[in-house]
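S.K.: Mind looking over this structure? Questions follow.
The values are calculated or read from the model by the stated rules, or taken from the named source; none is laboratory data. Please read all numbers here as calculations on a predicted model, not as lab measurements. Neighbour counts are summed over all protein chains in view; Cβ atoms, including those assigned to glycine, are modelled from backbone coordinates with ideal geometry.
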Amino acid sequence: MSDFHFPAFLEKIIKVYRFLAKEKGLMFQYEIVTPLPTNIQTDQQRLRQILISLLGNAIKFTSHGHVICRVGLIKDNQWLMDSDKIQRKQDIRFEIEDTGLGLSNEQIDAIFCPFEQLENELGFTEGTGLGLTLSQRVAEMMSSVIQVESKAGQGSTFWFDLEVLIILMEYEISSHVSELDYQTSDVLEEDMSLHRNAEVPMMEKLIVPPSNEIDILYDLAMMGNMQKIKSHAIYVAEKDKQYLPFATKLQKMARHFEDREILLFLEQYIE
């Protein structure tokens, strides 16, 4: 359990998936349905794992249309708009809606089984892997359960409710997350190539980028997306060349698909 800034936590995750949705030509919408607490107490890492799994699958199995992430306080299974009824221990709903391939009743019954196979909208078969299975177990460890409503060919909505301890309540109704521009210059690519070939130990001159960039890189590593890690490493270095040694080291690990090493490397810088 830990206390953390809830809107900032959400925005860091949303930023990654807004970018991934844009790359697929999907509309991504983030809706804060009710006033949100500024600081909450819950298991931050477990909550992050569930959200990454649900958002990742929504984008993976949607080839056109939209993905919507809704977050808000609830009471009696309804969005809680009356601030006078907010309690110290409060349920928050996380809801992911997509216009993807949708699920039949049989698939809904099996969707949380390991390695369940689904056919995407292009006719290719893809597996859900262990993501949903593990996420359901993690949700249960947090006294929650992931639920789903879906119609084949029309899309799906996954959601779960989580009881948290509200540390500080303020009224934040809107959120804007800027999008990333990964256009890079030939000069930067050349600089990174020189650093890769250098014999000087990289750890001696590492300057670490801001925590929001570390969080984005960590989320990409959790998804195993080595290509996006390489792209974002270049983006970080282009913003400020003092991060070039850090970005070069990260790119080298990503090129060799060292996903576990990347996670361990980044974890030491997570605040």
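S.K.: Can you tell me which residue in segment 15-52 is surrounded by the most Cβ atoms within 10 Å (Cβ to Cβ), limited to those that are of a type in the set (D, E, K, R) and farther than 13 Å from Cys69 by Cα?
M.R.: Arg48
S.K.: If you don't mind, there's one more thing I want to ask. Please tell me if Ile86 is assigned by TED's automatic domain parsing to the domain that holds Ala139, at pLDDT 95 or above, out of contact with any Gly (no Cβ under 7 Å at 6 or more places or on another chain) and within 22 Å of Phe9 (Cβ to Cβ).
M.R.: Working: assigned by TED's automatic domain parsing to the domain that holds Ala139: yes; at pLDDT 95 or above: no; out of contact with any Gly (no Cβ under 7 Å at 6 or more places or on another chain): yes; within 22 Å of Phe9 (Cβ to Cβ): yes.
The answer is no for Ile86.
S.K.: If you don't mind, there's one more thing I want to ask. Please state which one of Leu103, Leu168, Leu130 is modelled with pLDDT under 80 and closer than 18 Å to Leu55 by Cβ.
M.R.: Result: Leu130 is the single residue among Leu103, Leu168, Leu130 that is modelled with pLDDT under 80 and closer than 18 Å to Leu55 by Cβ.
S.K.: So, one more: Can you name the number of the only condition in (1) closer than 16 Å to Pro210 by Cβ; (2) part of a helix (DSSP H, G or I) that Lys228 fails?
M.R.: The one condition Lys228 does not meet is (1).
Quick grid of which residues meet (1) crowded, with 22+ Cβ neighbours inside 10 Å; (2) in the same structural domain as Ala8 (by TED's automatic domain parsing); (3) modelled with pLDDT of 85 or more:
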residue	(1), (2), (3)
Asp219	yes, no, no
Ile229	yes, no, yes
Ala254	yes, no, yes
Arg260	no, no, no
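S.K.: Here's another thing I want to ask about it. When you check Leu103 against the structure, is it under 15 Å from Asp161 (Cα atoms) and buried (at least 19 other Cβ atoms within 10 Å of the Cβ), yes or no?
M.R.: no
S.K.: Please pick out the residue among Ile92, Ile59 that is within 14 Å of Gly155 (Cβ to Cβ) and either buried (at least 18 other Cβ atoms within 10 Å of the Cβ) or touching a Gly at 6+ places or on another chain (Cβ under 7 Å) (or both). Full working, then the answer.
M.R.: Numbers: Ile92 fails: within 14 Å of Gly155 (Cβ to Cβ).
Going through Ile92, Ile59 in turn, the sole match is Ile59.
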